[in-house]
Amino acid sequence: MNHNLTEGILSQNHQSIAKAISLIENSNDSDIESILSSIYNKTGQSYRIGITGPPGAGKSSITNELINLLSDDKSIAILSVDPTSPFTGGAILGDRIRMIEHYNNPNIFIRSIGSRGSKGGLSKNINIIADVLDAADFDIIILETVGVGQVELDIVESADTTIVVLVPESGDDIQILKAGMMEIADIFIINKSDREGAEKIAVSLNNFLSTIQHEDHIWSPEVIQTSVYNKTGFNKLIKTIFDRYKFLDINGGREAKHRDRYISQVHDLISSYLTNAFWNDNKEEVLNKELDIEIKNRKNPVALAKKIINE
Ligand SMILES: Nc1nc2c(ncn2[C@@H]2O[C@H](COP(=O)(O)OP(=O)(O)OP(=O)(O)O)[C@@H](O)[C@H]2O)c(=O)[nH]1
Ligand SMILES: [Mg+2]
(Lines give C-alpha, C1' and ligand atoms only; values in the text may rest on other atoms or scores of the structure.)
(Ligands and ions follow the chains in the order given, each with its own letter.)
Protein backbone atom coordinates (compact mmCIF):
# COMPACT_ATOMS: atom_id res chain seq x y z
CA MET A 1 0.00 0.00 0.00
CA ASN A 2 0.95 3.61 -0.47
CA HIS A 3 3.55 4.31 2.20
CA ASN A 4 1.95 7.59 3.25
CA LEU A 5 -1.42 5.94 3.76
CA THR A 6 0.13 3.30 6.02
CA GLU A 7 2.04 5.94 7.97
CA GLY A 8 -1.15 7.99 8.25
CA ILE A 9 -3.16 5.08 9.62
CA LEU A 10 -0.46 4.12 12.11
CA SER A 11 -0.20 7.70 13.37
CA GLN A 12 -4.00 7.92 13.78
CA ASN A 13 -4.41 10.50 11.04
CA HIS A 14 -8.17 10.76 10.52
CA GLN A 15 -7.98 11.53 6.80
CA SER A 16 -5.83 8.47 6.11
CA ILE A 17 -8.09 6.26 8.18
CA ALA A 18 -11.19 7.55 6.36
CA LYS A 19 -9.51 6.89 3.02
CA ALA A 20 -8.56 3.34 3.98
CA ILE A 21 -12.13 2.66 5.15
CA SER A 22 -13.52 3.89 1.83
CA LEU A 23 -11.16 1.57 -0.04
CA ILE A 24 -12.29 -1.35 2.12
CA GLU A 25 -15.97 -0.45 1.67
CA ASN A 26 -15.47 -0.66 -2.08
CA SER A 27 -14.47 -4.28 -1.54
CA ASN A 28 -11.60 -4.33 -3.98
CA ASP A 29 -9.64 -7.45 -3.02
CA SER A 30 -6.24 -6.09 -3.98
CA ASP A 31 -6.79 -2.87 -1.98
CA ILE A 32 -7.93 -4.88 1.02
CA GLU A 33 -4.97 -7.19 0.76
CA SER A 34 -2.46 -4.39 0.51
CA ILE A 35 -4.00 -2.48 3.42
CA LEU A 36 -4.05 -5.56 5.63
CA SER A 37 -0.53 -6.59 4.74
CA SER A 38 0.78 -3.20 5.88
CA ILE A 39 -1.16 -2.91 9.12
CA TYR A 40 -2.26 -6.33 10.33
CA ASN A 41 0.73 -6.98 12.56
CA LYS A 42 0.04 -3.75 14.42
CA THR A 43 -3.44 -4.88 15.52
CA GLY A 44 -4.54 -6.58 18.71
CA GLN A 45 -4.54 -3.72 21.23
CA SER A 46 -7.97 -2.08 20.93
CA TYR A 47 -10.96 -2.99 23.06
CA ARG A 48 -13.83 -3.72 20.62
CA ILE A 49 -17.27 -3.04 22.01
CA GLY A 50 -20.46 -3.84 20.08
CA ILE A 51 -23.67 -1.97 20.89
CA THR A 52 -26.86 -3.38 19.44
CA GLY A 53 -30.58 -3.31 20.16
CA PRO A 54 -33.86 -2.29 18.59
CA PRO A 55 -34.19 0.89 16.52
CA GLY A 56 -34.35 4.01 18.66
CA ALA A 57 -33.38 2.30 21.93
CA GLY A 58 -30.70 4.91 22.53
CA LYS A 59 -27.55 3.23 21.21
CA SER A 60 -26.13 6.42 19.72
CA SER A 61 -27.12 8.52 22.74
CA ILE A 62 -25.33 6.06 25.03
CA THR A 63 -22.29 6.01 22.75
CA ASN A 64 -22.28 9.79 22.85
CA GLU A 65 -22.37 9.73 26.64
CA LEU A 66 -19.53 7.21 26.76
CA ILE A 67 -17.48 9.52 24.54
CA ASN A 68 -18.20 12.43 26.91
CA LEU A 69 -17.08 10.42 29.90
CA LEU A 70 -14.10 8.55 28.46
CA SER A 71 -12.48 10.69 25.78
CA ASP A 72 -10.31 12.80 28.09
CA ASP A 73 -7.88 9.96 28.48
CA LYS A 74 -8.96 7.42 25.86
CA SER A 75 -9.04 7.56 22.09
CA ILE A 76 -12.29 6.17 20.71
CA ALA A 77 -13.38 5.17 17.21
CA ILE A 78 -17.09 4.77 16.49
CA LEU A 79 -18.34 2.76 13.57
CA SER A 80 -22.10 3.01 12.99
CA VAL A 81 -23.16 0.11 10.84
CA ASP A 82 -26.38 0.71 9.00
CA PRO A 83 -27.84 -2.62 7.91
CA THR A 84 -31.08 -1.19 6.56
CA SER A 85 -29.90 1.90 4.77
CA PRO A 86 -33.16 3.47 3.58
CA PHE A 87 -34.84 2.76 6.91
CA THR A 88 -32.34 4.33 9.27
CA GLY A 89 -31.02 6.96 6.89
CA GLY A 90 -32.61 9.65 9.00
CA ALA A 91 -31.28 8.22 12.22
CA ILE A 92 -27.74 8.23 10.91
CA LEU A 93 -28.19 11.89 10.12
CA GLY A 94 -29.49 12.30 13.67
CA ASP A 95 -26.34 10.61 14.95
CA ARG A 96 -24.23 13.03 12.98
CA ILE A 97 -25.97 15.98 14.57
CA ARG A 98 -25.75 14.46 18.03
CA MET A 99 -22.08 13.64 17.72
CA ILE A 100 -21.04 16.73 15.82
CA GLU A 101 -19.44 18.26 18.89
CA HIS A 102 -16.93 15.41 18.77
CA TYR A 103 -15.97 15.72 15.13
CA ASN A 104 -13.04 18.02 15.72
CA ASN A 105 -11.72 16.08 18.68
CA PRO A 106 -8.50 14.34 17.58
CA ASN A 107 -9.22 11.57 20.11
CA ILE A 108 -12.53 10.68 18.45
CA PHE A 109 -13.11 9.18 15.03
CA ILE A 110 -16.69 8.69 13.84
CA ARG A 111 -17.79 6.93 10.69
CA SER A 112 -21.06 5.45 9.38
CA ILE A 113 -20.92 2.56 6.97
CA GLY A 114 -23.72 0.86 5.09
CA SER A 115 -23.85 -2.85 4.45
CA ARG A 116 -25.50 -2.62 1.06
CA GLY A 117 -23.23 -3.42 -1.78
CA SER A 118 -20.55 -5.00 0.32
CA LYS A 119 -19.68 -8.10 -1.59
CA GLY A 120 -18.53 -10.38 1.17
CA GLY A 121 -21.27 -9.57 3.65
CA LEU A 122 -21.23 -7.29 6.62
CA SER A 123 -18.88 -9.08 8.96
CA LYS A 124 -15.98 -9.36 6.55
CA ASN A 125 -15.81 -5.63 6.07
CA ILE A 126 -16.52 -4.69 9.67
CA ASN A 127 -13.67 -6.86 10.87
CA ILE A 128 -11.24 -5.44 8.37
CA ILE A 129 -12.27 -1.86 9.12
CA ALA A 130 -11.96 -2.60 12.84
CA ASP A 131 -8.45 -3.93 12.12
CA VAL A 132 -7.56 -0.58 10.56
CA LEU A 133 -8.88 1.28 13.61
CA ASP A 134 -7.02 -1.16 15.84
CA ALA A 135 -3.75 -0.60 13.97
CA ALA A 136 -4.40 3.14 14.32
CA ASP A 137 -4.18 2.40 18.04
CA PHE A 138 -7.58 3.57 19.23
CA ASP A 139 -8.03 2.43 22.81
CA ILE A 140 -11.69 1.64 22.22
CA ILE A 141 -13.61 0.78 19.06
CA ILE A 142 -17.40 1.01 19.37
CA LEU A 143 -19.44 -0.82 16.73
CA GLU A 144 -23.04 0.38 16.76
CA THR A 145 -25.67 -1.49 14.82
CA VAL A 146 -29.44 -1.81 14.85
CA GLY A 147 -30.42 -5.27 15.99
CA VAL A 148 -32.05 -6.97 13.06
CA GLY A 149 -31.42 -10.70 13.01
CA GLN A 150 -28.16 -11.81 11.48
CA VAL A 151 -26.45 -8.51 12.04
CA GLU A 152 -26.13 -8.85 15.77
CA LEU A 153 -24.53 -12.24 15.34
CA ASP A 154 -21.90 -10.55 13.19
CA ILE A 155 -21.42 -7.98 15.93
CA VAL A 156 -20.85 -10.62 18.58
CA GLU A 157 -18.06 -12.07 16.53
CA SER A 158 -16.52 -8.69 15.84
CA ALA A 159 -16.66 -7.41 19.43
CA ASP A 160 -14.88 -8.39 22.63
CA THR A 161 -17.92 -7.24 24.57
CA THR A 162 -21.48 -7.07 23.29
CA ILE A 163 -23.91 -4.62 24.84
CA VAL A 164 -27.62 -5.06 24.15
CA VAL A 165 -29.69 -1.93 24.71
CA LEU A 166 -33.33 -2.39 25.66
CA VAL A 167 -35.99 0.05 26.81
CA PRO A 168 -38.80 -0.29 29.38
CA GLU A 169 -41.19 -1.01 26.52
CA SER A 170 -39.09 -3.96 25.32
CA GLY A 171 -41.46 -6.33 27.05
CA ASP A 172 -40.87 -9.29 29.31
CA ASP A 173 -37.90 -11.62 29.44
CA ILE A 174 -39.72 -14.21 27.35
CA GLN A 175 -39.89 -11.82 24.42
CA ILE A 176 -36.23 -10.92 24.86
CA LEU A 177 -35.38 -14.61 24.95
CA LYS A 178 -37.31 -15.20 21.78
CA ALA A 179 -35.53 -12.35 20.07
CA GLY A 180 -32.24 -14.17 20.71
CA MET A 181 -30.86 -11.38 22.87
CA MET A 182 -30.00 -13.59 25.83
CA GLU A 183 -27.29 -15.52 24.06
CA ILE A 184 -25.45 -12.54 22.73
CA ALA A 185 -25.37 -9.98 25.54
CA ASP A 186 -22.43 -9.56 27.89
CA ILE A 187 -24.05 -6.43 29.26
CA PHE A 188 -27.73 -5.52 29.13
CA ILE A 189 -28.62 -1.85 29.30
CA ILE A 190 -32.16 -0.88 30.13
CA ASN A 191 -32.05 2.63 28.75
CA LYS A 192 -34.71 5.34 29.12
CA SER A 193 -35.02 4.26 32.74
CA ASP A 194 -36.49 7.71 33.35
CA ARG A 195 -39.64 6.04 32.05
CA GLU A 196 -41.90 3.64 33.84
CA GLY A 197 -41.20 -0.09 33.68
CA ALA A 198 -37.38 -0.09 33.68
CA GLU A 199 -37.13 -1.63 37.16
CA LYS A 200 -39.60 -4.36 36.27
CA ILE A 201 -37.74 -5.46 33.17
CA ALA A 202 -34.40 -5.30 35.03
CA VAL A 203 -35.75 -7.52 37.81
CA SER A 204 -37.15 -10.08 35.42
CA LEU A 205 -33.95 -10.16 33.38
CA ASN A 206 -31.91 -10.63 36.55
CA ASN A 207 -34.25 -13.38 37.70
CA PHE A 208 -33.80 -15.15 34.44
CA LEU A 209 -30.02 -14.75 34.47
CA SER A 210 -29.85 -16.14 38.01
CA THR A 211 -31.36 -19.40 36.76
CA ILE A 212 -28.47 -19.94 34.37
CA GLN A 213 -25.74 -22.09 35.81
CA HIS A 214 -22.75 -20.02 36.78
CA GLU A 215 -19.21 -21.04 35.88
CA ASP A 216 -16.19 -19.10 37.09
CA HIS A 217 -14.46 -18.76 33.75
CA ILE A 218 -17.64 -17.65 31.96
CA TRP A 219 -18.75 -14.05 32.26
CA SER A 220 -22.18 -13.58 33.84
CA PRO A 221 -24.10 -10.85 32.00
CA GLU A 222 -24.86 -7.69 33.98
CA VAL A 223 -28.05 -5.66 33.80
CA ILE A 224 -27.62 -1.90 34.07
CA GLN A 225 -30.31 0.77 34.03
CA THR A 226 -29.37 4.03 32.36
CA SER A 227 -31.02 7.28 31.48
CA VAL A 228 -29.28 9.51 29.00
CA TYR A 229 -31.72 12.27 29.93
CA ASN A 230 -30.98 12.12 33.67
CA LYS A 231 -27.36 11.00 33.18
CA THR A 232 -27.79 8.07 35.53
CA GLY A 233 -26.24 4.61 35.42
CA PHE A 234 -23.13 5.57 33.48
CA ASN A 235 -20.59 5.11 36.26
CA LYS A 236 -21.80 1.58 36.74
CA LEU A 237 -21.83 1.00 32.98
CA ILE A 238 -18.23 2.15 32.58
CA LYS A 239 -17.08 0.12 35.54
CA THR A 240 -18.77 -2.98 34.10
CA ILE A 241 -17.28 -2.40 30.64
CA PHE A 242 -13.77 -2.37 32.14
CA ASP A 243 -14.48 -5.22 34.57
CA ARG A 244 -15.44 -7.28 31.57
CA TYR A 245 -12.16 -6.33 29.87
CA LYS A 246 -10.16 -7.48 32.89
CA PHE A 247 -12.23 -10.66 33.06
CA LEU A 248 -11.47 -11.46 29.42
CA ASP A 249 -7.77 -10.83 29.99
CA ILE A 250 -7.58 -13.05 33.04
CA ASN A 251 -9.51 -15.89 31.42
CA GLY A 252 -7.87 -15.82 28.00
CA GLY A 253 -11.12 -14.50 26.52
CA ARG A 254 -9.46 -11.93 24.32
CA GLU A 255 -7.31 -14.56 22.61
CA ALA A 256 -10.36 -16.77 22.19
CA LYS A 257 -12.35 -13.93 20.62
CA HIS A 258 -9.41 -13.11 18.40
CA ARG A 259 -9.08 -16.74 17.31
CA ASP A 260 -12.80 -16.98 16.45
CA ARG A 261 -12.63 -13.78 14.45
CA TYR A 262 -9.53 -14.95 12.64
CA ILE A 263 -11.11 -18.29 11.71
CA SER A 264 -14.25 -16.67 10.42
CA GLN A 265 -12.32 -14.04 8.47
CA VAL A 266 -10.33 -16.78 6.74
CA HIS A 267 -13.49 -18.81 6.07
CA ASP A 268 -15.32 -15.76 4.66
CA LEU A 269 -12.42 -14.81 2.44
CA ILE A 270 -12.06 -18.31 1.05
CA SER A 271 -15.80 -18.49 0.33
CA SER A 272 -15.74 -15.21 -1.49
CA TYR A 273 -12.55 -16.01 -3.45
CA LEU A 274 -13.93 -19.39 -4.50
CA THR A 275 -17.30 -17.95 -5.47
CA ASN A 276 -15.67 -15.23 -7.55
CA ALA A 277 -13.32 -17.68 -9.22
CA PHE A 278 -16.13 -20.13 -9.90
CA TRP A 279 -18.60 -17.97 -11.82
CA ASN A 280 -17.54 -17.49 -15.43
CA ASP A 281 -19.64 -16.67 -18.50
CA ASN A 282 -20.24 -20.35 -19.28
CA LYS A 283 -21.67 -21.09 -15.88
CA GLU A 284 -23.80 -17.97 -15.88
CA GLU A 285 -25.12 -19.03 -19.26
CA VAL A 286 -26.19 -22.47 -18.01
CA LEU A 287 -28.10 -20.78 -15.20
CA ASN A 288 -29.70 -18.25 -17.53
CA LYS A 289 -30.73 -20.93 -20.02
CA GLU A 290 -32.52 -22.79 -17.28
CA LEU A 291 -34.48 -19.64 -16.51
CA ASP A 292 -35.79 -19.65 -20.07
CA ILE A 293 -37.47 -22.99 -19.41
CA GLU A 294 -40.98 -23.05 -17.94
CA ILE A 295 -40.97 -23.61 -14.19
CA LYS A 296 -42.69 -26.98 -14.41
CA ASN A 297 -39.96 -28.28 -16.71
CA ARG A 298 -37.05 -26.64 -14.95
CA LYS A 299 -34.35 -28.67 -13.16
CA ASN A 300 -34.62 -28.43 -9.40
CA PRO A 301 -31.97 -26.13 -7.83
CA VAL A 302 -29.89 -29.00 -6.42
CA ALA A 303 -29.73 -30.73 -9.78
CA LEU A 304 -28.87 -27.50 -11.56
CA ALA A 305 -26.20 -26.59 -9.01
CA LYS A 306 -24.55 -29.99 -9.52
CA LYS A 307 -24.72 -29.56 -13.28
CA ILE A 308 -23.12 -26.10 -13.09
CA ILE A 309 -20.36 -27.36 -10.80
CA ASN A 310 -19.54 -30.10 -13.30
CA GLU A 311 -19.82 -27.82 -16.31
N1 LIG B 1 -36.60 9.37 27.63
C2 LIG B 1 -35.40 9.05 27.14
N3 LIG B 1 -35.15 9.19 25.81
C4 LIG B 1 -33.94 8.83 25.35
C5 LIG B 1 -32.92 8.34 26.20
N6 LIG B 1 -31.85 8.04 25.44
C7 LIG B 1 -32.16 8.37 24.18
N8 LIG B 1 -33.41 8.87 24.11
C9 LIG B 1 -34.10 9.35 22.90
O10 LIG B 1 -34.43 8.23 22.07
C11 LIG B 1 -34.33 8.60 20.69
C12 LIG B 1 -33.46 7.61 19.95
O13 LIG B 1 -32.13 7.72 20.44
P14 LIG B 1 -30.88 7.21 19.61
O15 LIG B 1 -29.69 7.40 20.48
O16 LIG B 1 -30.86 7.83 18.26
O17 LIG B 1 -31.23 5.68 19.46
P18 LIG B 1 -30.51 4.59 18.55
O19 LIG B 1 -30.70 3.30 19.24
O20 LIG B 1 -29.13 5.01 18.24
O21 LIG B 1 -31.39 4.66 17.25
P22 LIG B 1 -31.10 3.97 15.81
O23 LIG B 1 -29.65 4.15 15.51
O24 LIG B 1 -32.01 4.71 14.90
O25 LIG B 1 -31.50 2.54 15.97
C26 LIG B 1 -33.80 10.04 20.67
O27 LIG B 1 -34.90 10.91 20.50
C28 LIG B 1 -33.19 10.21 22.03
O29 LIG B 1 -33.20 11.55 22.47
C30 LIG B 1 -33.22 8.22 27.61
O31 LIG B 1 -32.40 7.79 28.44
N32 LIG B 1 -34.46 8.59 28.00
MG1 LIG C 1 -28.15 5.16 16.34
Kindly evaluate GLY90 against the criterion of being modelled with pLDDT under 90 and in a helix (DSSP H, G or I).
yes
Considering every residue within region 210-224, establish whether at least one is farther than 25 Å from THR43 by Cβ, over 21 Å from the mean Cα position of the chain (by Cα), at pLDDT below 95 and outside any loop (DSSP other than H, G, I, E, B).
yes
Which numbered condition trips up ALA136, out of (1) crowded, with 21+ Cβ neighbours inside 10 Å; (2) closer than 30 Å to SER227 by Cα; (3) modelled with pLDDT of 85 or more?
(2)
Among the residues of region 139-155 satisfying the criterion of being at pLDDT 75 or above and not in a strand (DSSP E or B), which is farthest from ligand 2 (Cβ to nearest atom)?
ASP139
Do you know which of the residues in region 243-283 that are in contact (Cβ under 8 Å) with a residue 60 or more places away in the chain and acidic (Asp, Glu) is farthest from GLY44 (Cα to Cα)?
ASP268
Test for THR240: is it β-branched (Val, Ile, Thr), buried (at least 16 other Cβ atoms within 10 Å of the Cβ) and in contact with a strand residue (DSSP E or B) (Cβ under 9 Å, 6 or more places away or on another chain)
yes
If LYS192 meets every condition in (1) in a loop (DSSP other than H, G, I, E, B); (2) farther than 23 Å from ILE155 by Cβ; (3) not small (Gly, Ala, Ser) apart from one, which number is that one?
(2)
Single residue of ASP82, ASP31 found to be open to solvent by 20 Å² or more (accessible area, probe 1.4 Å), closer than 23 Å to GLN265 by Cβ, modelled with pLDDT under 90 and not polar (S, T, N, Q):
ASP31
Considering only residues of region 169-180 that are open to solvent by 20 Å² or more (accessible area, probe 1.4 Å), outside any loop (DSSP other than H, G, I, E, B) and not hydroxyl-bearing (Ser, Thr, Tyr), which is modelled with the highest pLDDT?
GLU169
Consider region 12-66. How many of its residues are within 16 Å of ligand 1 (Cβ to nearest atom) and part of a helix (DSSP H, G or I)?
8
Return the residue satisfying two criteria in turn: it lies in region 197-233 and is touching a residue at least 40 places away in the same chain (Cβ under 8 Å) and open to solvent by less than 100 Å² (accessible area, probe 1.4 Å), and of such residues it is farthest from ligand 2 (Cβ to nearest atom).
GLY233
Taking region 52-67 and keeping only residues that are within 17 Å of ILE108 (Cα to Cα) and either β-branched (Val, Ile, Thr) or away from ligand 2 (no atom under 16 Å from the Cβ) (or both), one is left with ILE62, THR63, ILE67
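The values are calculated or read from the model by the stated rules, or taken from the named source; none is laboratory data. Only a predicted model underlies this, so the values are computations on that prediction, with no experimental measurement involved. Cβ sites come from the backbone with ideal geometry, for glycine too, and all protein chains shown count toward neighbours. For accessibility, only protein heavy atoms count, side chains too; no ligands or nucleic acids. Shrake-Rupley method; radii C 1.70, N 1.55, O 1.52, S 1.80 Å.
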